[in-house]
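Worksheet: one structure, shown below.
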């Protein structure tokens, strides 16, 4: 029995072991692991893929760790892992871009991190309790085109932050309820 934990690579990476008679699988937890932090695996979803015997063993391991196992097709692993990238490392990139914007508003990075945690926590709590539409707030949901224009003007001088704002605002227009959609689309397209 051999397992690997890559979120992107399939169990076929262990084909040399399979040729030697091993049953192989991949078992990937949807969790972030960084130096200095030891996350709980309780309730963590795991994606399993591979030979039936190895998947059965992986399912028992996940259950013993308190996780929730599900089967993932090999072809879906890259999209699955990209999903994880959106949820953790790219979320951190989003937050550090928020720090950059806070610095432009006169705050230090440390002050920005401290001051932004309450709104970030509440947004995540709202998302969990109310879903995306219920958690969505701010000028886009209100259709406040003038405020969006002011945001874009302020962000023009911040390398990268304006691109992040535009990409996320355009995603919001495609996927979330907003007022004055056409007017906002024109502003964001300029």
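The values are calculated or read from the model by the stated rules, or taken from the named source; none is laboratory data. Since the structure is predicted, the reported quantities are computational estimates derived from the model, not experimental observations. Here the Cβ positions follow ideal geometry from the backbone for every residue, glycine too, while neighbour counts run over all protein chains shown.
Structure notes:
- Total residues in the range 103-118, condition surrounded by 11 or more Cβ atoms within 10 Å (Cβ to Cβ) and outside any helix (DSSP H, G or I): 2
- Which listed residue is surrounded by 13 or more Cβ atoms within 10 Å (Cβ to Cβ), under 24 Å from the mean Cα position of the chain (by Cα), outside the structural domain of residue 157 (by TED's automatic domain parsing) and within 30 Å of residue 163 (Cβ to Cβ), from 98, 7: 7
- Qualifying residue in the range 77-85 (condition: buried (at least 16 other Cβ atoms within 10 Å of the Cβ) and touching a helix residue (DSSP H, G or I) at 6+ places or on another chain (Cβ under 9 Å)): no
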